[in-house]
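> Once you've had a glance at the structure underneath, I'll fire off some questions.
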Amino acid sequence: MSDREGGNRMLERVAAILDAVETGPASASEIARRTKLSVSTVHRLALSMVDFEFLRRDSDGRFRRGARFVRSALENAALPILTLLRDSTDETAQLWVRRGDDRVCLATVDSTQVLRAALPAGTRQPLPAGSAGRLLAREEEAWASIERHGWVESVGVRTPGLGSVSAPVWLGGELVGAICVAVPLARVEDGPGADFGAQAVEAATTLAGVMMTLRLP
């Protein structure tokens with residue numbers, strides 16, 4: 001068998017496993033039955049797919065689609081919601097997700113004002129910098145603010161002259177991201193949270209609702 005034929009065969013098996021868990025979590029034996037692969041082959045490939053976040057393994061040993069699919073769905077669902085948030089606040093609206101010890105900007109819709117807070121999608125920042133970083137890092141003080149208000153703010157900590165407020169996006173009880181409004185402090189009246197927190201929370205809740213309708217396994 002040539003290298004190309006072997007690679008194609010491997011891709012076919014990976015695709016078959018992904019198809020097998022499309023409707024919900026499944027054990028290795030269930031996946032094997034659906035794909036007609038051996039249990040040992042399924043188990044070996046599935047564990048490798050977990051390492052690369054194509055699959056996620058539950059506490060009961062069953063496999064489901066992993067974070068790569070959730071992030072892709074999040075980005076697509078978030079853009080129109082971020083656009084509405086930007087239009088209602090006239091400030092930059094962003095979606096951040098956690099990756100290891102960093103946070104990554106998955107999607108952003110920049111303010112149309114000349115003076116604005118702006119970072120391109122794909123920007124990586126260390127945790128717990130910024131309101132989204134504090135939230136995704138589950139910083140104790142930040143989490144207390146979320147419990148009180150539903151949001152957490154940052155005022156000129158990461159970048160002097162800029163502030164932000166972020167609200168958590170929950171999916172099935174799991175924290176999957178943070179909706180953030182980033183704003184120059186020159187336009188802040190009572191604080192990023194007081195000025196824009198309610199709108200960030202509403203956007204995060206809307207995004208979570210949209211994600212639930214997608215019925216991601």
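The values are calculated or read from the model by the stated rules, or taken from the named source; none is laboratory data. This structure is a prediction, so every number in the text was calculated from the model and none was measured. In this analysis, Cβ positions are derived from the backbone assuming ideal geometry, glycine residues included, and neighbour counts consider all displayed protein chains.
> Can you tell me which residues in the range 57-77 are closer than 16 Å to Arg98 by Cα and either of a type in the set (A, V, I, L, M) or assigned to a strand (DSSP E or B) (or both)?
Correct list: Ala67, Val70, Ala73, Leu74.
> Could I ask something else about it? Among the candidates Val114, Val109, single out the residue that is touching a helix residue (DSSP H, G or I) at 6+ places or on another chain (Cβ under 6 Å) and over 15 Å from Val165 (Cβ atoms).
None of the other options fit; the residue is Val109.
> Hey, can you tell me all the residues within the range 62-103 that are over 20 Å from Gly163 (Cβ atoms) and in contact with a Phe, Trp or Tyr (Cβ under 7 Å, 6 or more places away or on another chain)?
Correct list: Gly66, Arg68.
> Any idea which residue in the range 113-145 is modelled with the lowest pLDDT, counting only those that are surrounded by 19 or more Cβ atoms within 10 Å (Cβ to Cβ) and over 17 Å from the mean Cα position of the chain (by Cα)?
Ala117
A quick yes/no check of all residues on (1) loosely packed, with under 15 Cβ neighbours inside 10 Å; (2) under 23 Å from Gln113 (Cα atoms):
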{"site": "Thr159", "(1), (2)": "no, yes"}
{"site": "Ser164", "(1), (2)": "no, yes"}
{"site": "Gly172", "(1), (2)": "yes, no"}
{"site": "Gly177", "(1), (2)": "no, no"}
{"site": "Glu189", "(1), (2)": "yes, yes"}
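> Let me ask something else about it. Can you list the strands (runs of 3 or more DSSP E) lying wholly within the range 118-217 that have 1 or more residues being of a type in the set (D, E, K, R), out of contact with any Phe, Trp or Tyr (no Cβ under 8 Å at 6 or more places or on another chain) and more than 21 Å from Asp90 (Cβ to Cβ)?
124-126, 174-184
> Would you pick out the residues in the range 198-211 that are small (Gly, Ala, Ser) and more than 20 Å from Leu119 (Cα to Cα)? Walk me through how you get there before you give the answer.
Filtering the range 198-211 down to residues small (Gly, Ala, Ser) leaves 198, 200, 203-204, 208-209.
Passing the criteria: Ala198, Ala208, Gly209.
Table: residues versus (1) of a type in the set (D, E, K, R); (2) within 27 Å of the chain's Cα centre (by Cα); (3) assigned to a helix (DSSP H, G or I).
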residue: Leu11; (1), (2), (3): no, yes, yes
residue: Ala15; (1), (2), (3): no, yes, yes
residue: Glu30; (1), (2), (3): yes, no, yes
residue: Arg33; (1), (2), (3): yes, no, yes
residue: Ser40; (1), (2), (3): no, no, yes
residue: Met49; (1), (2), (3): no, yes, yes
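> With respect to Arg57, determine if the residue is touching a residue at least 40 places away in the same chain (Cβ under 8 Å), over 10 Å from the mean Cα position of the chain (by Cα) and within 30 Å of Ser29 (Cα to Cα). Spell out the reasoning first.
Numbers: touching a residue at least 40 places away in the same chain (Cβ under 8 Å): no; over 10 Å from the mean Cα position of the chain (by Cα): yes; within 30 Å of Ser29 (Cα to Cα): yes.
No.
> Against the condition assigned by TED's automatic domain parsing to the domain that holds Val169 and in a helix (DSSP H, G or I), how does Asp87 come out, does it pass? Show your work before the answer.
Working: assigned by TED's automatic domain parsing to the domain that holds Val169: yes; in a helix (DSSP H, G or I): yes.
When the stated conditions are applied, Asp87 passes them.
> What do you reckon, is Thr205 exposed (fewer than 15 other Cβ atoms within 10 Å of the Cβ) and among the polar types (S, T, N, Q)?
Taking the combined requirement at face value, the residue does not satisfy it.
> Looking only at the range 41-51, which residues are touching a residue at least 12 places away in the same chain (Cβ under 8 Å), surrounded by fewer than 20 Cβ atoms within 10 Å (Cβ to Cβ) and of a type in the set (A, V, I, L, M, F, W, C)?
Within the range 41-51, the first condition is being touching a residue at least 12 places away in the same chain (Cβ under 8 Å), and the residues that meet it are 41-43, 45-46, 49-50.
Applying the additional criterion that residues be surrounded by fewer than 20 Cβ atoms within 10 Å (Cβ to Cβ) yields 41, 43, 50.
Within the range 41-51, Val50 is the sole residue that qualifies.
> Here is a further query. Is there any pair with a first residue in the range 185-203 that is assigned by TED's automatic domain parsing to the domain that holds Val165 and a second that is polar (S, T, N, Q) and surrounded by 15 or more Cβ atoms within 10 Å (Cβ to Cβ) whose Cβ atoms are under 6 Å apart and which are 6 or more apart or on different chains, and what are they?
Pairs that qualify, where the first residue is assigned by TED's automatic domain parsing to the domain that holds Val165 and the partner is polar (S, T, N, Q) and surrounded by 15 or more Cβ atoms within 10 Å (Cβ to Cβ), are Pro192/Ser164; Phe196/Thr89; Gln199/Thr89.
> Checking the structure you have, find out if any residue of the range 130-147 is of a type in the set (Phe, Trp, Tyr) and touching a residue at least 40 places away in the same chain (Cβ under 8 Å).
Filtering the range 130-147 for residues of a type in the set (Phe, Trp, Tyr) gives 143.
Going one step further and asking which of them are touching a residue at least 40 places away in the same chain (Cβ under 8 Å), we end up with none.
Checked against the condition, which is being of a type in the set (Phe, Trp, Tyr) and touching a residue at least 40 places away in the same chain (Cβ under 8 Å), the range 130-147 yields no hits at all.
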